[in-house]
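What follows is calculated from the coordinates using simple rules that are stated; it is not laboratory data. Bear in mind that the values here come from a model prediction, so they are computed numbers and not experimental data. Using ideal geometry, Cβ is built from the backbone for each residue, glycine included, and neighbour counts are taken over all protein chains shown.
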Amino acid sequence: MISDCFPGSETIDGHQWMQYLKKFRRQWCSLYLRDQFTAGMLTTQASESCNSQVRLFLKPKHNLDEFFIHFTCLLADKRRKETESDYDGKQSAPYIVLEKSSILQHAAKIFTKNIFNRIQEQYLEIEDYIIELVRDNRDDGFISYRTYKMEDDERSDERVILVDTSTATLVCDCRMFRTFGVLCRHMLKVMRLLGEFGNDSMRTIPDHYILKRWTLEARRKEVGDADASGDTSHSQENETGKGDIAMRYRETTAMFNQLATKLSMADEKVYNRWMGALQKVCKEANKALSKTITSEDGKCIEYYL
């Protein structure tokens, strides 16, 4: 392909203009990805993150058996971190700077802490922006707004937002939601304005702007995965027996918390009797569920089946 543009060459070496474009590619290549969902991550970031995690567990000299054992450790480590993050998000609420904001209150209830903080960062910036009505065509239901902020007596970050009031749909030409899945400050500015003028659908985040992947329930099973009784804890989720780890974690934690509360208030004889039984059960369970391998540096790594 390069030889078609530069006869006699298969690389861009020696072409000053192409080298210049390559050097500053971060400033222009993102323009060609504005309509693609990237979750806010560059291609290089995704590969670098994956490589760094893989290197913690896998070595080039591992044979096939060792590869699968250590790869299982990698998956178990990721599942553990996801479960801990999921549990933390459900047990503690994020800090809301503007407590009276119905949009932020709604976001805090449904999104993970990380995503909520990103939305809150965008929301806190809207005070710096000025909003103007560009077009108000009530016949077709579309309204256009322009937002911008003033810096040194000049407009900056000027954006146009198109609103369909009949469907509570907003489109901003910055395309942040399209590429990242998080509402931008320009859309939030318009939503707050419309909410203040009595548009109830804009007082909270519309459903079509809530990506499940960013919510606290992202790892929960779909309704169709449960059995007829709605009980997902004993359904044969899949033949591997992995199931929904987060759900199992919550169920197990709730059960043991309840038992711990009752035992703490029981008399000493009952307490000692059941503590002995629990210790025996826990010992047998740990023995059945875990295996231990030795890593290259001599450390023991425990992973769960």
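Cross-link check: pairs Lys59/Lys283; Lys22/Lys59; Lys81/Lys109; Lys113/Lys287 evaluated at a Cα-Cα cut-off of 30 Å; pairs beyond the cut-off: Lys59/Lys283; Lys22/Lys59; Lys113/Lys287. I'd like the distance between the alpha-carbon centres of the stretch 123-140 and the stretch 162-196, rounded to an integer number of Å. A separation of 10 Å, based on Cα centres. Our coupling estimate for the stretch 269-281, obtained by passing each phi through the Karplus curve with A = 6.51, B = -1.76, C = 1.60 and θ = phi - 60°, is 5, 5, 4, 4, 4, 7, 5, x, 5, 5, 4, 5, 5 Hz, Gly and Pro reported as x.
Overall shape: oblate for the stretch 102-214, with the ratio a/c of the largest to smallest alpha carbon gyration tensor axis at 1.5 or above and b/c at least equal to a/b. Across the stretch 102-214, C-alpha contacts under 8 Å between residues 6 or more apart give a mean separation that, scaled by the residue count, equals a relative contact order of 25 percent. For the listed peptides 121-127, 58-64, 178-184, a ranking on the average number of other beta carbons within 10 Å per residue, highest first, reads 178-184, 121-127, 58-64.
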